[in-house]
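> One structure, pasted below without further comment.
The values are calculated or read from the model by the stated rules, or taken from the named source; none is laboratory data. Predicted, not measured: the structure shown is a model, and the values here were computed from it. Note that we place each Cβ from the backbone using ideal geometry, even for glycine, and neighbour counts take in every protein chain shown.
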Amino acid sequence: MSTPFLSLIIPAHNEAERLPASLEAVNRYISSLPFETEVIVVENNSSDATAEIVLEWTKSMPQLRLISLAQPGKGNAIRTGMLAAQGAYRFMADADFSMRVKEIGKFLPNGSPLASVGIASREAPGSMRIGEPFYRHFIGRVYNLLVRLLVLPGLQDTQCGFKCFSAEAAEAIFPLQRLEGWSFDVEVLAIACQLGFEIAEIPITWYYQPGSRMRLLQDSLQMAKDLLTIRQNKKKGLYNAPKV
């Protein structure tokens, strides 16, 4: 395959149930695109048949490849996929595709340049949330308030699992990433800001999908602590571009 224009990175930990439908939707979508696309599923530390399902799909989907990691952590999976990707644009997507696959087109240039980092937003004007329980929305808004107060004052939705990076941005940002848990989203966006990359929030229609692996109380507390870690790392200069 020639150098792809788009790389689609899907982290997958114990996603045997949801992944087949998502890969089918992805395959239909990329088959309609006028440019080369690669799909990278990064499976890490799964105890189900996630890896076997992906390998079976590679037989009918030549653009697909599997990376298996022993270490858990969504941040670890995304970093690995982003740095293994070859695309001019590198798009991370949750395996449940709570954002419809066709909306990926909003993140790609269509005759005019886009921001180096485009993040799906459920809060930007024109966005919609479908079926989300009130308590989850409330907790998400509280967390985002902390994000804005401590790390990223201008962004309304840092946690949606759909983000696009230019190759230049991905190759500068992800080697500096340190967190491997749920807060990695905030960290990579903090690094992007520190390095001077423009970030655009792109409104999407988002459908709530039950079955999240996040433990609301325990993980929310850890994520709040992680914000302080990100703030400290920034002050220490750990997110600065390496000196040549």
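> Any idea how many residues of region 37-57 are at pLDDT 95 or above, outside any strand (DSSP E or B) and within 20 Å of Met92 (Cβ to Cβ)?
The number of residues fulfilling the criteria is 5.
> In the set Gly87, Gly118, which member is at pLDDT 95 or above and touching a Pro at 6+ places or on another chain (Cβ under 9 Å)? Working first, answer last.
Values: Gly118 fails: touching a Pro at 6+ places or on another chain (Cβ under 9 Å).
Selected residue: Gly87, the only one of Gly87, Gly118 that is at pLDDT 95 or above and touching a Pro at 6+ places or on another chain (Cβ under 9 Å).
> Among the residues that make up region 62-74, is at least one of them under 17 Å from the mean Cα position of the chain (by Cα), over 17 Å from Ser7 (Cα atoms) and not in a loop (DSSP other than H, G, I, E, B)?
Yes.
> Filter region 1-16 down to the residues that are without any contact (Cβ under 8 Å) to a residue 40 or more places away in the chain and farther than 17 Å from Leu69 by Cα and list them by number.
The answer is Ser2, and nothing else.
> Would you pick out the residues in region 196-209 that are under 21 Å from Arg231 (Cα atoms) and either touching a strand residue (DSSP E or B) at 6+ places or on another chain (Cβ under 8 Å) or buried (at least 17 other Cβ atoms within 10 Å of the Cβ) (or both)? First the steps, then the outcome.
Start the filter on region 196-209 by keeping residues that are under 21 Å from Arg231 (Cα atoms), which leaves 196-199.
Hits for region 196-209 are Phe197, Glu198, Ile199.
> Scan region 50-67 and tell me whether some residue there is hydroxyl-bearing (Ser, Thr, Tyr) and either under 19 Å from Cys164 (Cα atoms) or in contact with a Phe, Trp or Tyr (Cβ under 8 Å, 6 or more places away or on another chain) (or both).
no
> If I ask for residues that are assigned to a loop (DSSP other than H, G, I, E, B) and either on the phi > 0 side of the Ramachandran plot or crowded, with 16+ Cβ neighbours inside 10 Å (or both), which ones from region 133-151 would you list?
We begin by selecting, within region 133-151, every residue assigned to a loop (DSSP other than H, G, I, E, B); these are 133, 151.
Answer for region 133-151, where residues must be assigned to a loop (DSSP other than H, G, I, E, B) and either on the phi > 0 side of the Ramachandran plot or crowded, with 16+ Cβ neighbours inside 10 Å (or both): just Val151.
> Considering only region 76-130, give the strands (runs of 3 or more DSSP E) lying wholly within it that have at least 1 residues that are under 15 Å from the mean Cα position of the chain (by Cα) and crowded, with 16+ Cβ neighbours inside 10 Å. So that I can check it myself, show each step before the final result.
On the way: elements: 89-92, 117-121, 128-130.
Correct list: 89-92, 117-121.
> Here's something else I'd like to know. Take the residues of region 18-35 that are without any contact (Cβ under 8 Å) to a residue 60 or more places away in the chain and part of a loop (DSSP other than H, G, I, E, B): which is surrounded by the fewest Cβ atoms within 10 Å (Cβ to Cβ)?
Pro34
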